[in-house]
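All remarks here apply to the structure that follows.
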Amino acid sequence: MQFLQTTLIRIFYAIVLLVAVLVLNFSLMHLAPGDVADTISQSMGGADQELLDRIRSDYGLDQPFLVQLGRYIAGVLQFDLGFSFFYNQPVTKLIMERLPATLLLVVTAQLLALFLGVFLGVISARKPNGLTSHFVTFMALFGYAAPVFWTGILLLIGFSLHLHWFPVAGMRDVTISGGFWVHFVDVLRHLILPMITLASIFLALYSRLARATMMEVLGSDYVRTAKSKGLSQRQVVYKHALKNSLSPVITLAGLQFSAVISGAVLVETVFSWPGLGTLAFQSIIARDTPTILGILFFSALVVIVGNLLTDIALRLVDPRLRGRS
Amino acid sequence: MAPLLEVENLRIELTTRDGIAPVIDDLSFTLNAGETLSFVGESGCGKSMTALALMGLLPDKIGRVASGKIIFNNEDLTQASDARLREIRGNDISMIFQEPMTSLNPVFTIGEQIAEVLRAHQGLSRAAAWAKAVELLDAVRIPNPKGRASDYPFQMSGGQRQRAMIAMALACEPKILIADEPTTALDVTVQAQIFDLLTDLRRQTSAAIILITHDMGAVAEMAERMIVMYAGRKAEFGPVDQIITHPRHPYTKGLISCVPHIVSDMTEERPDLIEVPGIVPSLKDFGQDRCLFASRCAYVTDKCQASRPSKKLFSNGQIADCWHAEDL
């Protein structure tokens with residue numbers, strides 16, 4: 001009951017935060033010099049004042065700031081993020097077409113990094129001076145130090161260009177036809193390299209942290225108690241110790257959610273993954289303000305939902321947090 | 001009848017920065033079924049190390065049994081495989097730790113932590129193990145055991161946690177229960193309750209108890225025989241009442257005079273409390289061929305500095321490792 005209550009409070013805060021993000025995004029964009037009218041007139045090779053005024057009144061840009069803000073927020077509440085003149089489509093539709101691809105990439109990369117990171121962390125914590133431990137430390141440093149686009153290009157050259165194991169770009173092969181599973185395998189084949197690339201940065205973080213916390217937990221009194229009960233090594237490590245060392249890793253994963261999304265922009269660009277990242281990149285180049293705003297809004301949404309899920313996961317793992325809001 | 005547990009010339013070495021230190025140096029004792037044997041001594045005298053060695057839980061790569069035997073039911077535990085030790089741990093020999101605050105796993109319910117021992121050793125089903133866990137909580141006098149079983153450790157007081165810990169240790173009706181300073185972290189009234197509980201449970205289960213403590217009062221109340229440890233060596237060994245009325249080792253004498261009203265009546269004018277001056281020698285000095293207590297001893301002579309005291313056996317069963325034991 002208390003769990004539900006605190007979760008609802010969290011959701012309420014999340015909505016307040018989202019509105020704040022909306023206002024801030026819009027204000028910042030408004031502060032920046034130039035507007036849609038300028039960009040349109042530029043792309044037409046110049047326009048006179050009359051045309052500019054007409055464009056501005058068409059887009060409602062001649063209204064006072066607060067009115068524009070109010071309209072924008074009212075629009076967002078009805079899932080209307082404005083109209084992209086560059087793509088000639090409603091922004092909501094544009095984003096909704098791209099969002100699943102980004103979510104697929106971000107969520108799978110995050111999960112891969114988490115599970116593999118924790119697993120490697122546990123292995124190296126059990127034998128801190130073993131070969132695996134040194135290998136994990138090396139991989140972690142490498143993954144963290146290497147720029148993500150460079151890792152991506154390297155993987156592309158190795159596995160796609162030379163070995164032909166994976167496709168070079170995109171998310172699906174348009175020439176393929178077949179049932180659900182055929183398409184599933186196709187998307188998976190496209191997904192693997194970008195996923196590994198994106199996960200590599202976070203894998204480093206998570207495995208280092210998991211290793212450190214696991215080593216600490218393995219030396220704790222309750223692990224000694226678990227051993228004194230005659231439990232097997234597996235139970236001591238993967239039940240008693242692991243559940244206790246998960247909290248810091250989950251917390252970090254939650255904090256990294258925004259970093260994962262910004263990482264996705266780079267990875268999507270390298271692999272031509274048809275997600276929000278590619279869209280963001282293109283619309284920034286085209287100065288497509290409504291689309292940029294929309295993407296910022298959705299990124300904030302994903303981060304906030306991610307944090308909310310982190311919060312819930314933490315409460316599930318650690319009963320001591322359940323009563324607190 | 002053969003004793004339940006026989007420890008022969010046990011030597012445990014710890015690898016430290018200054019080299020190898022014998023934290024337990026030539027320790028022998030026996031434990032009979034149903035008996036309470038107490039280990040007494042200051043911190044760092046090797047009491048807890050003895051307990052961990054009996055459980056086969058010496059710290060990995062740092063501590064090891066260098067020589068000697070631990071014979072339990074005709075089986076030498078120092079030679080037993082890991083798998084065999086796991087069968088014994090929590091089942092035949094179990095342990096209660098000093099810190100109930102940190103010895104229970106914070107993220108599992110009390111009931112689960114008790115039930116898992118039963119599942120591991122007795123092969124009980126989840127439901128049966130849980131039901132037995134509730135019974136055990138009732139046996140250690142936790143009110144509303146059914147409800148409390150699904151509580152987490154942080155929802156319980158220190159005394160209740162230690163009760164839960166005891167329930168966990170007694171779950172499989174062990175033959176030996178090792179209690180490593182079970183009340184040190186608790187306040188005085190709760191200490192008395194825990195000792196009462198242990199006394200009652202011993203009567204009911206006939207488990208032998210190894211009580212590690214520096215509470216002389218608890219020793220006098222609970223134990224039949226006691227071992228006084230100093231710097232990894234046995235200083236004195238024998239029946240509790242004999243040792244308390246007439247200690248034969250200067251260290252035991254010091255420990256006893258540290259405690260108010262063990263020996264004096266409340267009405268009588270009480271003697272001053274005397275402390276044992278100095279501190280336990282550091283690990284690197286352990287194992288030298290001299291009396292390690294000499295630097296703190298009022299009765300010290302040249303002989304004490306020159307060679308390690310030999311055992312002196314007295315007719316009442318007391319054994320003291322002191323050159324001057326007869327004179328005390």
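The values are calculated or read from the model by the stated rules, or taken from the named source; none is laboratory data. Everything numeric here is computed off the predicted structure, so don't read it as measured data. Don't worry about glycine lacking a Cβ; one is built from the backbone with ideal geometry, like all the others, and counts go over all protein chains shown.
Brief remarks follow.
- Beta carbons closer than 8 Å, at least 6 apart along the sequence or on distinct chains, pair a first residue in region A:217-235 that is of a type in the set (F, W, Y) with a second that is part of a loop (DSSP other than H, G, I, E, B) for A:Y222/B:L104; A:Y222/B:N105; A:Y222/B:P106.
- Number of residues in region B:216-228 that are out of contact with any strand residue (DSSP E or B) (no Cβ under 6 Å at 6 or more places or on another chain) and buried (at least 19 other Cβ atoms within 10 Å of the Cβ) equals 2.
- For the condition more than 14 Å from chain B (Cβ to nearest Cβ) and surrounded by fewer than 18 Cβ atoms within 10 Å (Cβ to Cβ), A:G179 qualifies.
- Some residue of region A:44-65 being more than 30 Å from A:I250 (Cα to Cα), at pLDDT 85 or above and not assigned by TED's automatic domain parsing to the domain that holds A:I192: no
- Members of region A:183-225 that are more than 14 Å from every other protein chain (Cβ to nearest Cβ) and either of a type in the set (D, E, K, R) or surrounded by fewer than 18 Cβ atoms within 10 Å (Cβ to Cβ) (or both): A:H183, A:F184, A:V185, A:D186, A:V187, A:L188, A:R189, A:I192, A:R208, A:R211, A:A212
- Enumeration of residues in region B:155-185 that are without any contact (Cβ under 8 Å) to a residue 24 or more places away in the chain and within 12 Å of chain A (Cβ to nearest Cβ): B:Q155
- Qualifying position, being touching a Lys or Arg at 6+ places or on another chain (Cβ under 9 Å), of a type outside the set (S, T, N, Q) and either assigned to a helix (DSSP H, G or I) or assigned by TED's automatic domain parsing to the domain that holds A:G275 (or both), among A:V187, A:V168: A:V187
- Filtered by the rule that a residue be touching a residue at least 24 places away in the same chain (Cβ under 8 Å) and either of a type in the set (G, A, S) or loosely packed, with under 14 Cβ neighbours inside 10 Å (or both), region A:154-176 gives A:S160, A:A169, A:G170.
- Residue in region A:56-68 that is in contact with a Gly (Cβ under 9 Å, 6 or more places away or on another chain), more than 30 Å from A:G275 (Cα to Cα) and surrounded by fewer than 13 Cβ atoms within 10 Å (Cβ to Cβ) present: yes
- Search result, residues across region B:90-111 that are part of a strand (DSSP E or B) and facing chain A (nearest Cβ under 8 Å): B:S94, B:M95
- Matching option when the condition is in contact (Cβ under 8 Å) with a residue 40 or more places away in the chain, assigned to a loop (DSSP other than H, G, I, E, B), surrounded by 14 or more Cβ atoms within 10 Å (Cβ to Cβ) and not assigned by TED's automatic domain parsing to the domain that holds A:T289, among A:L22, A:L81, A:L18: A:L81
- From the options A:K239, A:K243, A:K229, residue that is over 19 Å from A:P128 (Cα atoms), of a type in the set (K, R) and buried (at least 22 other Cβ atoms within 10 Å of the Cβ): A:K229
- Within region A:104-120, considering residues that are loosely packed, with under 15 Cβ neighbours inside 10 Å and of a type in the set (A, V, I, L, M), the one farthest from A:P290 (Cα to Cα): A:L111
- Meets criteria (in a helix (DSSP H, G or I) and either free of Cβ contacts under 8 Å to residues at least 40 places away in the same chain or over 21 Å from A:N25 (Cα atoms) (or both)) for A:L116: yes
- Restricting region A:226-263 to residues that are part of a helix (DSSP H, G or I) and charged (D, E, K, R), the residue that is farthest from the other protein chains (Cβ to nearest Cβ): A:R234
- Of the residues making up region B:112-154, those that are part of a helix (DSSP H, G or I), within 14 Å of chain A (Cβ to nearest Cβ) and in contact (Cβ under 8 Å) with a residue 40 or more places away in the chain are B:Q113, B:I114, B:V117, B:L118, B:H121, B:Q122, B:P153, B:F154.
- Number of the condition not met by B:D60 [criteria: (1) without any contact (Cβ under 8 Å) to a residue 40 or more places away in the chain; (2) under 23 Å from B:A220 (Cβ atoms)]: (2)
- Number of positions in region B:276-287 that are surrounded by 15 or more Cβ atoms within 10 Å (Cβ to Cβ) and part of a loop (DSSP other than H, G, I, E, B): 5
- Considered as a group, the residues in region B:173-227 that are part of a loop (DSSP other than H, G, I, E, B), acidic (D, E) and under 12 Å from the mean Cα position of the chain (by Cα) include one that is modelled with the lowest pLDDT, and that residue is B:D215.
- Whichever residue in region B:46-73 is assigned to a loop (DSSP other than H, G, I, E, B) and closer than 22 Å to B:E87 by Cβ and, among such residues, is farthest from the other protein chains (Cβ to nearest Cβ): B:N73
- Flag for B:T213 being among the polar types (S, T, N, Q) and either surrounded by fewer than 19 Cβ atoms within 10 Å (Cβ to Cβ) or touching a Pro at 6+ places or on another chain (Cβ under 9 Å) (or both): yes
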